[in-house]
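Heads up: the structure comes next, in structure tokens.
Derivation of every value follows stated rules applied to the coordinates shown; laboratory data play no part. In this text the structure is predicted, and so the values were computed from the model without any measurement. FYI the Cβ positions are ideal-geometry reconstructions off the backbone, even for glycines, and counts take in every protein chain you see.
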Amino acid sequence: MTDLAAVTGATGFLGRYIVRALSGDGRQVRALVRHYPVHDQFSDVKFEAVPGDLSNPSSLRTLICGARSIVHAAGLIKARNAKDFYRVNVQGTANLVAAVNTSGTPARLVLISSMAARSPHLSPYAATKNAAEEIVRTRLSPPHEWIIVRPAAVYGPWDRETLAVLKAVSLGVALRPGGGQARVCLVHARDVAAAVAMLCARGQAGHQYEISDMRRDGYLWEEITQAAARVLGVRTIPLALPAWAMRCAGGMGSVLSQFTSSPPMLTIHKIRELLHPDWSSAGERQPPDWLWQPQIDLNCGFLETISWYQTRGWLSGTRKMNSAD
């Protein structure tokens, strides 16, 4: 009988990759959705859709019924206020854990968290991801078991957050937030999804893993923009963004968010995350090599992602680099 994996956040950027990885691994997938998803990434993937959200106990019970793996990828990465972050990231996780505890099928719950959870003081996002982890650790009852996954900054085709940095590089500008001395780990979405699929079946229960590419010590901003410039075939000039200027911009974003219908990405809290000096990882925080290893380095990942952006018309005015360049 095919193992059933239940997924929240299946229609998000990373969630779509996770659904594909689980399906490709031979699992039957059931996804919690607000509306039936129609997306290019699902064109060759079959899964069962359960209407509802994290606030609906009935939908959650239907989602996890018979599932031996539950991937909780739903969560807000931007919101208008801390209350919205709490409602989804914390209360939504609590609702899911409560549903799992009443399930008759022993299940492994894999929580998709974030490296930001290491520093909950930085932002409501970081604080609520940390709080969600604590709920999973302390409230999930045996025989159910948990694993927490903290991905680095995730990029890849369909990602809109990395696009802003790449657009600047395409115009010849290499941004250096706060002077550019912070270290940032990156990881391709397909590698994260492969790790999650593996951890659904294997890996030490009750353990927390960070997920990055091969550069576990992270990249300087200069290295990130240079990698993008090589793929784009452009020369860049560095543009340092002073911390004070970034904080001013973030403060303006936070104020303006009160008058807009959609939550902004640039807020004072997001600036605190960007200016944090150390988003590196270490080998002992990662899954053991025998269990999982990243397959996509930054050069290959950027080549694929930028080429995809260009094909879709998301990134224009640049030449497309091929593997022989």
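Over the chain, DSSP H runs of length four or greater, each weighted -39,500 (n - 2.57), average out per residue to a 222 nm ellipticity of -11000 deg cm²/dmol. In order along region 142-147, the Karplus-derived 3J(HN,Hα) couplings, from 6.51 cos²θ - 1.76 cosθ + 1.60 at θ = phi - 60°, round to x, x, 5, 9, 10, 9 Hz, and Gly and Pro are given as x. Model label points for Trp290 and His121, set 7 angstrom from Cα along the Cα-to-Cβ axis, are 4.0 nm apart.
Using Cα pairs under 8 angstrom and six or more residues apart, how large is the relative contact order of the chain, in percent? Worked out over the chain, it gives 17 percent. For Leu239, the amide hydrogen comes within under 5 Å of the amide hydrogens of Ala174, Leu175, Arg176, counting only partners 5 or more places away or on other chains and with H modelled in the peptide plane.
Filter Lys167/Lys270; Lys83/Lys270; Lys78/Lys167 down to the pairs with a C-alpha to C-alpha distance above 26 Å, please. Listed pairs above 26 Å: none. For region 194-304, the equivalent ellipsoid built from the Cα gyration tensor has semi-axes of 32, 22, 14 Å, listed from largest to smallest.
Give me the number: length gained by fully extending Ala164 to Glu145, i.e. 0.36 nm times residue separation minus the C-alpha to C-alpha distance, one decimal in nm. All intermediate terms of the calculation are to be shown ahead of the outcome.
On the way: separation 19, 0.36 × 19 = 6.84 nm, distance 3.86 nm.
Once the chain is fully extended between Ala164 and Glu145, it gains 3.0 nm.
Taking a temperature of 37 °C and a viscosity of 0.692 mPa s, what whole-number D in µm²/s does Stokes-Einstein yield for region 85-131 with Rh from Kirkwood over alpha carbon pairs? Estimated via Stokes-Einstein, D reaches 285 µm²/s. Ordering Pro143, Met115, Pro177 by the projection of their Cα atoms onto the charge dipole of region 100-194, which places +1 on the Cβ of Lys and Arg and -1 on the Cβ of Asp and Glu, puts Pro177 at the extreme positive end.
Want the number for Ala245 to Arg230: 0.36 nm per residue separation, take away the alpha-carbon distance, what's left? Each step should come with its number before you reach the end.
Values: separation 15, 0.36 × 15 = 5.40 nm, distance 2.83 nm.
Answer, rounded to one decimal: 2.6 nm.
Here the Karplus relation 6.51 cos²θ - 1.76 cosθ + 1.60, evaluated at θ = phi - 60°, turns the backbone of region 87-93 into coupling constants of 4, 8, 6, 9, 5, x, 5 Hz, with x for every Gly and Pro.
Which whole-number percent is the relative contact order of region 82-220 (Cα, under 8 Å, 6+ apart)? Present the calculation step by step, with values, prior to reporting the outcome.
Numbers: 196 pairs, mean separation 36.6, N = 139.
Relative contact order, region 82-220: 26 percent.
Tilt of helix 124-139 relative to the longest C-alpha principal axis of the chain, in degrees (0 to 90, nearest 10)? The answer is roughly 30 degrees. Between region 82-117 and region 275-295, how many Å separate their Cα centres? One Cα centre to the other: 23 Å. Using the Cα coordinates of region 158-254, the gyration tensor eigenvalues translate into equivalent-ellipsoid semi-axes of 30, 18, 13 Å, sorted from longest to shortest.
A P(r) calculated from all alpha carbon pairs of region 243-310, with 10 Å bins opening at zero, reads 17, 23, 29, 25, 5, 0 percent.
Can you sort Leu76, Leu14 by how many other beta carbons sit within 10 Å, fewest first? Can you show the working numbers first?
Working: Leu76 19, Leu14 22.
By the 10 Å Cβ count, ascending: Leu76, Leu14.
Which residues does a label at Asp297 reach in region 227-242, if reach means a backbone N under 20 Å from a point 7 Å past the Cα toward the Cβ? Zone members listed by number: 227-234.
The charge dipole of region 270-321, taken about the Cα centre with unit charges on the Cβ atoms of Lys, Arg (+1) and Asp, Glu (-1), comes to about 400 debye, rounded to the nearest 20. Near Arg216: Cβ cut-off under 9 Å, other residues only, Lys/Arg at +1 and Asp/Glu at -1. The net charge is -1.
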